[in-house]
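Each remark here refers to the structure printed beneath this line.
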Amino acid sequence: MTSVDMLRTPAALADAERWTAHNYHPLPVVIADGDGAWVTDVDGRRYLDCLAGYSALNFGHRHPRLIEAAHAQLDRITLTSRAFVHDQFADFCRGLAELCGTDLVLPMNTGAEAVETAIKVARKWGYRVKGVPDGRATIVVAENNFHGRTTTIVSFSTDPDARDDFGPYTPGFVTVPYGDLDALAAAVDDTTVAVLLEPIQGEAGVLVPPAGYLAGVRRLCDERNTLFIADEIQSGLGRTGRTFAVEHEGVVPDMYVLGKALGGGIVPVSAVAARREVLGVLKPGEHGSTFGGNPLACAVGTEVVKLLATGEFQRRSAALGAHLHAGLGALVGQGVVAVRGRGLWAGVDIDPALMTGRQACERLAERGVLAKDTHGSTIRLAPPLVVTEGDLDWALEQLAAVLREAR
């Protein structure tokens with residue numbers, strides 16, 4: 001190990017503090033390299049990545065097939081804008097549409113852009129198809145949601161950190177408790193064009209809704225002629241043991257909102273996928289993005305779709321997720337209060353009498369495990385789907401040690 005006087009981390013952290021706005025509060029780790037489920041910092045110390053870029057790295061760091069696809073495209077063309085069609089575009093859109101079982105795909109870049117796209121499409125569908133009076137469209141959302149950080153999206157956030165001081169806020173949203181079908185039914189009226197939900201609320205602490213909730217949402221939307229929009233940006237593409245989290249209840253939404261893992265951890269790629277009668281309401285000039293669906297993004301995204309088409313990663317997530325949750329369950333009463341999640345995704349409530357979530361993540365990082373806290377004493381675990389059972393056992397040992405030392 002490099003001597004303390006030779007460590008590069010302190011200077012790198014100081015530079016970051018000096019030159020960047022404080023929109024994040026990162027752990028004091030400066031990553032320089034990554035391979036699979038592991039990363040290495042500027043001083044050569046290795047860490048098991050149990051966050052995976054908030055699920056953007058479902059296939060691990062530098063997955064060989066994704067890197068190969070990116071390299072090949074970099075040697076050809078990386079951007080055309082949507083003013084022209086490029087030779088990677090149709091393959092990506094067709095592959096993703098088939099994976100989703102839908103007719104059309106609209107590629108964008110970031111998850112927030114995809115959510116904004118879904119909102120615009122739902123409103124136009126409401127006016128042109130459902131017959132909602134102009135300017136009256138409403139969308140029902142859930143408390144503790146996290147759909148992004150644009151001014152429209154934070155307008156319906158209930159998180160003070162995301163919302164406060166960013167008004168005036170965009171109207172047209174009705175908020176109900178997550179998991180409460182009766183409250184949802186009472187909120188949906190003739191002006192409702194969509195219900196926008198995360199099938200599992202990630203930022204809120206990996207909150208899984210009550211059994212039957214998503215199926216109930218689907219039935220309600222069918223009865224009220226309202227679109228069901230599933231924000232699968234974090235929960236989708238293999239994270240929960242299925243391609244999409246809604247599949248755990250056999251549900252097919254009217255629109256999938258996708259991102260993060262769709263870009264393989266290489267480029268930002270997002271998309272909305274829906275039936276033709278929904279997404280087809282858009283006409284040329286009404287919505288767009290210079291970088292949306294660019295050749296590099298499509299080349300990587302196409303390979304991501306191919307990886308998912310085999311079902312291998314979904315099966316790994318299901319099997320390894322069961323192992324992870326069994327290990328976490330054994331820590332309940334040993335410093336852990338509760339565990340939630342599906343597949344390789346877990347929200348772990350640490351006993352607040354022992355430490356905060358931030359303190360738990362700092363102590364885990366000292367032991368070589370990277371995780372992220374949220375809301376008080378909760379930490380989130382979402383390792384890449386290429387993680388091994390041995391890796392998970394080692395991470396569980398580190399968490400057990402952190403809890404033991406605090407008791």
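The values are calculated or read from the model by the stated rules, or taken from the named source; none is laboratory data. Note that this is a predicted model, so its numbers are computed, not measured. Virtual Cβ from ideal backbone geometry, glycine too; neighbours counted across all protein chains shown.
Computed values, structure above
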item	result
Every residue from the stretch 305-317 that is over 16 Å from D393 (Cα atoms) and either in a helix (DSSP H, G or I) or in contact with a Pro (Cβ under 6 Å, 6 or more places away or on another chain) (or both)	V305, K306, L307, L308, A309, E312, F313, Q314, R315
Selection within the stretch 368-395 - of a type in the set (A, V, I, L, M) and closer than 20 Å to T40 by Cα	V369, L370, A371, L381, A382, L385, V386, V387, L392, A395
Any hit, the stretch 243-254, residues being at pLDDT 95 or above, farther than 23 Å from L344 by Cβ and assigned by TED's automatic domain parsing to the domain that holds V140	yes
Any hit, the stretch 228-235, residues being of a type in the set (S, T, N, Q), modelled with pLDDT of 95 or more and under 29 Å from Y127 (Cβ atoms)	no
Test result for E277, acidic (D, E), part of a loop (DSSP other than H, G, I, E, B) and more than 14 Å from V115 (Cβ to Cβ)	no
Single residue of V257, V217, V267, V195 found to be touching a helix residue (DSSP H, G or I) at 6+ places or on another chain (Cβ under 9 Å), among the β-branched types (V, I, T), surrounded by fewer than 24 Cβ atoms within 10 Å (Cβ to Cβ) and in contact (Cβ under 8 Å) with a residue 24 or more places away in the chain	V267
So L79, is it surrounded by 18 or more Cβ atoms within 10 Å (Cβ to Cβ), of a type in the set (A, V, I, L, M, F, W, C) and at pLDDT 95 or above	no
Any hit, the stretch 369-376, residues being over 20 Å from the mean Cα position of the chain (by Cα) and among the small types (G, A, S)	yes
Per-region count, the stretch 81-94, residues under 19 Å from G280 (Cβ atoms) and either outside any loop (DSSP other than H, G, I, E, B) or outside the structural domain of L262 (by TED's automatic domain parsing) (or both)	5
Condition met for L262 (touching a residue at least 24 places away in the same chain (Cβ under 8 Å), crowded, with 21+ Cβ neighbours inside 10 Å, in a helix (DSSP H, G or I) and touching a strand residue (DSSP E or B) at 6+ places or on another chain (Cβ under 7 Å))	yes
Qualifying residue in the stretch 301-309 (condition: of a type outside the set (S, T, Y) and without any contact (Cβ under 8 Å) to a residue 40 or more places away in the chain)	no
Unique residue being under 13 Å from I229 (Cα atoms) and in contact (Cβ under 8 Å) with a residue 60 or more places away in the chain when the list is V132, V121, V141	V121
Selection from the stretch 95-119 of residues that are among the hydroxyl-bearing types (S, T, Y) and either within 20 Å of the chain's Cα centre (by Cα) or not assigned by TED's automatic domain parsing to the domain that holds I153 (or both)	T110, T117
Selection count where residues are out of contact with any Phe, Trp or Tyr (no Cβ under 8 Å at 6 or more places or on another chain) and under 13 Å from V267 (Cα atoms), scope the stretch 64-98	7
Which listed residue is assigned to a helix (DSSP H, G or I) and over 17 Å from the mean Cα position of the chain (by Cα), from L324, L354	L324
Any hit, the stretch 364-373, residues being of a type in the set (D, E), crowded, with 19+ Cβ neighbours inside 10 Å and not assigned by TED's automatic domain parsing to the domain that holds D91	yes
